[in-house]
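First up is the structure itself, then whatever we jot down about it.
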Amino acid sequence: MSGLEDLYREIILDHYRSPRNRGELETPPAKRAEGFNPLCGDEIVVYVDIDDNDVVQDIKIGGQGCSISQSSASMMSAAVKGKTLDEVRDITTSFKHMMSIHETGLEGEAEEEVSFDDDVGDLEALRGVVKFPVRIKCATLSWHTLLEAIEQDADASA
Ligand code: ZN
């Protein structure tokens, strides 16, 4: 298993050192939401541009924080770009489920495997974070922020 953990660590460090989709988008048309994790001091700003067909045309990430929060945001941005909002919600649900299994400490559910399609497979690198409960909020911060951004009323961002 240590080989797999090394691979996961490499993926996380790669996203931390070379974050995908860093930057800003013009609002509107893009939606914007901010997230903050007071436990660790992580900040995430999500800009997301959704077209008339409910497809994520573009996404940009701002903010700062620990390696887990920033690499998770980078992976999240790469995973949802080009996806429909329904697909984004599915991926988010799977990710949060993966992160909550050990948080709840339910033995029965711990056996339940969450898997991702190959094109979002990097997300599995964060599976190891569930061993460190204080870091789970670091990993899920960007996803909560993304949901907040995409559920925003179109009028609210005007
Ligand atoms: Zn953190």
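The values are calculated or read from the model by the stated rules, or taken from the named source; none is laboratory data. Keep in mind the model is a prediction, meaning the values are calculated, not measured. Virtual Cβ from ideal backbone geometry, glycine too; neighbours counted across all protein chains shown.
Remarks
- Number of the condition not met by Leu39 [criteria: (1) part of a strand (DSSP E or B); (2) touching a helix residue (DSSP H, G or I) at 6+ places or on another chain (Cβ under 7 Å); (3) within 16 Å of the ligand (Cβ to nearest atom); (4) among the hydrophobic types (A, V, I, L, M, F, W, C)]: (1)
- Selection of the stretch 1-33 for residues being part of a helix (DSSP H, G or I) and hydrophobic (A, V, I, L, M, F, W, C) yields Leu4, Leu7, Ile11, Ile12, Leu13.
- Pairs where the first residue, in the stretch 31-48, is touching a residue at least 12 places away in the same chain (Cβ under 8 Å) and at positive phi and the second is assigned to a strand (DSSP E or B) and crowded, with 21+ Cβ neighbours inside 10 Å, C-beta under 8 Å, 6+ apart: none
- Residues satisfying the stated conditions in the stretch 97-115, i.e. under 18 Å from Ile12 (Cβ atoms) and either at pLDDT 85 or above or crowded, with 18+ Cβ neighbours inside 10 Å (or both): Met98, Met99
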